[in-house]
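Data first, discussion second: the structure below is written as structure tokens.
The values are calculated or read from the model by the stated rules, or taken from the named source; none is laboratory data. Treat the numbers as computed from the prediction; the structure is a model and nothing was measured. Every residue, glycine among them, receives a Cβ derived from its backbone with ideal geometry; neighbour counts consider all protein chains shown. Areas reflect the complete protein model, heavy atoms only, side chains present, ligands, DNA and RNA absent. Shrake-Rupley method; radii C 1.70, N 1.55, O 1.52, S 1.80 Å.
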Amino acid sequence: MSAPEPLGALETAAALRSGELDVLELAEQTLASARSIGARTGAFAHLLEDLTREQARAVSEQLSDARRRGGEQDLAAQLPLLGVPLPIKDLTQIAGAPFEAGSAALAGNIATVTDGVAQKILDAGTLTIGKTTTPEFGMPCYTEPATGAPARTPWDLRRTAGGSSGGAAAAVASGVVPLAHGSDGGGSVRIPAACCGIVGLKPSRGVVSPGPYGSEGMGLVSDGVLARSVRDAAAGLDLIAGPRTGDFTPSHASERSYLARLDEGAQAQAPLQIAVLREPLAAETEVHPAALRGLERALEVLRGLGHETVEISAPFTPEDWKSFMPLWTVGAATIPLTAAQEDSLLELTRWLRERGRSYSGTDLARAFSSVQSLARRTLEGFAPFDLVITPTLAAPPAFPAELQLPDGEADFFAQCAFTPWTSTWNMLGTAAVSVPVHREQIDGMELPFGVQMGATRPADEPLLLAVAAQLEAHDPWPLVRVPQHA
């Protein structure tokens, strides 16, 4: 008899409130899983065992008090993910915890502040478990950190978990935790979600504040969530969403939760107008037939639900896309490092920083204008449609040696060929989600393939979540993958 599927985030919270699960036991079980399965997949850069046990004791007291008062429902409304294991990516700071960002330049560094998004996660009464693995400063779409074990997809432990939220995706996909925090500047939530066969949501620009210590910077990065189910992704977004004073691109706080709107289901009433985009955007590259078959599988479900699909051409060329490069490379160049720290950088980071330093202030201003103009034209072209659907990746989860190359420039463009759609939605600033709709045998191993649904309007997270939930309901995907060897 096969083992039962691990509970999702919302199911875990409900079981804790009812007393079916004990939070102290859950904390120990999750830490043990993180030490075993998590180690096999390279999911965690650092485990935070003392913090997790402290959190579990506090949650135990809250739950006991609520049961004495008969206040379980109030607790569910106020802290819907109370007691749920929810790790934080090691690009985000927790005061007193390691913060190495996957780089030998920060080896042994301990954070002195807690970033705003991490504070929201902590205030929700979750169990942190640890900091998930990320590549050096989150720059690549694979997770090969200089400070520890690489993140691998549990579908085939020879292949990358994607990046830069690769550790988070590996932890969720292998069943260590039901939900994880991630961040996405060019696909860094959606890429690992596709590599690991789970759901990855990048919110619209401004929906999740980077404050009080971070800034919007180039406007590309957003914190997001990785989950096995769409409902859990919506609950995770509810936890981290919201503006802060001083935000450069503020988004109004939602009056109603994303989960409540998802459960109502009204956002995805047929017929939606869905644009189908097969052409790569960031690079001229071949798209693996299985990635296209995954797209067709999703389209068959959507058409069966009454949605209308229209094939469209690429809204811009790979040469046009290169206006993105100054923003990405100057972002790398602005990471504050000493000369000694520079000497310990990996080749890709070194190349990105050198390239970023080659641009003048005038070049950067022009790049901002070019990206904004490209985004404006693209969104104008997308305006007749409710969303755009593409494969998430051009190929199955890659072997690390196919992406992490000795030459920084070759490495960068290999990544572009692997991820030719994701960064577009970072430039547009609208939300995007990867959904694990398809699996195929490749070289003797079953591997996952995702489809990306990108919003055409700001703040359309409810619509994306509703359509993703329709795909989940009508063509369910496996929830947990036991780590596999070839």
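Please enumerate the residues belonging to segment 368-380 that are surrounded by 13 or more Cβ atoms within 10 Å (Cβ to Cβ), of a type outside the set (A, V, I, L, M) and within 14 Å of Trp425 (Cα to Cα).
Result: Gln372, Arg377, Thr378.
Can Ala270 be described as without any contact (Cβ under 8 Å) to a residue 24 or more places away in the chain and outside any helix (DSSP H, G or I)?
Taking the combined requirement at face value, the residue does not satisfy it.
Tell me whether segment 234-246 contains one or more residues that are within 15 Å of Leu10 (Cα to Cα) and assigned to a loop (DSSP other than H, G, I, E, B).
No.
Go through the residues of segment 145-153 one by one and say whether even a single one is on the phi > 0 side of the Ramachandran plot and either open to solvent by less than 10 Å² (accessible area, probe 1.4 Å) or not in a loop (DSSP other than H, G, I, E, B) (or both).
no
Which ones in segment 46-59 are within 14 Å of Asp123 (Cα to Cα) and surrounded by 20 or more Cβ atoms within 10 Å (Cβ to Cβ)? Spell out how you get there, then give the answer.
Residues of segment 46-59 that are within 14 Å of Asp123 (Cα to Cα), as a first pass: 51-52, 54-56, 58-59.
Selection gives Thr52, Gln55, Ala56, Val59.
Could you identify the single residue in Glu311, Glu264, Glu319, Glu284 that is without any contact (Cβ under 8 Å) to a residue 24 or more places away in the chain and either buried (at least 17 other Cβ atoms within 10 Å of the Cβ) or over 30 Å from Glu216 (Cβ atoms) (or both)?
Testing whether each residue is without any contact (Cβ under 8 Å) to a residue 24 or more places away in the chain and either buried (at least 17 other Cβ atoms within 10 Å of the Cβ) or over 30 Å from Glu216 (Cβ atoms) (or both) leaves just Glu264.
Any residue in segment 238-260 that's within 8 Å of Val207 (Cα to Cα): show its pairings with residues that are part of a loop (DSSP other than H, G, I, E, B) and charged (D, E, K, R) at Cβ separation under 8 Å, as long as the two are six or more apart or on different chains.
Ser251/Arg205
Tally up the residues in segment 177-206 that are closer than 17 Å to Pro243 by Cα and open to solvent by 10 Å² or more (accessible area, probe 1.4 Å), please.
Restricting attention to segment 177-206, the residues satisfying the condition of being closer than 17 Å to Pro243 by Cα are 183, 202-206.
Those still in the list that are open to solvent by 10 Å² or more (accessible area, probe 1.4 Å) too: 183, 205-206.
Number of matching residues: 3.
Failed condition for Leu10, given (1) modelled with pLDDT under 95; (2) open to solvent by 20 Å² or more (accessible area, probe 1.4 Å); (3) part of a helix (DSSP H, G or I); (4) of a type in the set (A, V, I, L, M, F, W, C), with all others met?
(1)
Go over the candidates Gln62, Gln93, Gln78 one by one and state the one that is surrounded by fewer than 22 Cβ atoms within 10 Å (Cβ to Cβ) and in contact (Cβ under 8 Å) with a residue 60 or more places away in the chain.
Matching residue, one of Gln62, Gln93, Gln78: Gln62.
So in segment 325-340, with the set limited to residues that are open to solvent by 10 Å² or more (accessible area, probe 1.4 Å) and part of a helix (DSSP H, G or I), which one is nearest to Asn109 (Cα to Cα)?
It comes out as Ala340.
Quick grid of which residues meet (1) more than 30 Å from Arg158 (Cβ to Cβ); (2) touching a helix residue (DSSP H, G or I) at 6+ places or on another chain (Cβ under 6 Å); (3) assigned to a loop (DSSP other than H, G, I, E, B):
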site	(1), (2), (3)
Leu24	yes, yes, no
Gln29	no, no, no
Arg40	no, no, no
Arg57	yes, no, no
Gly96	yes, no, yes
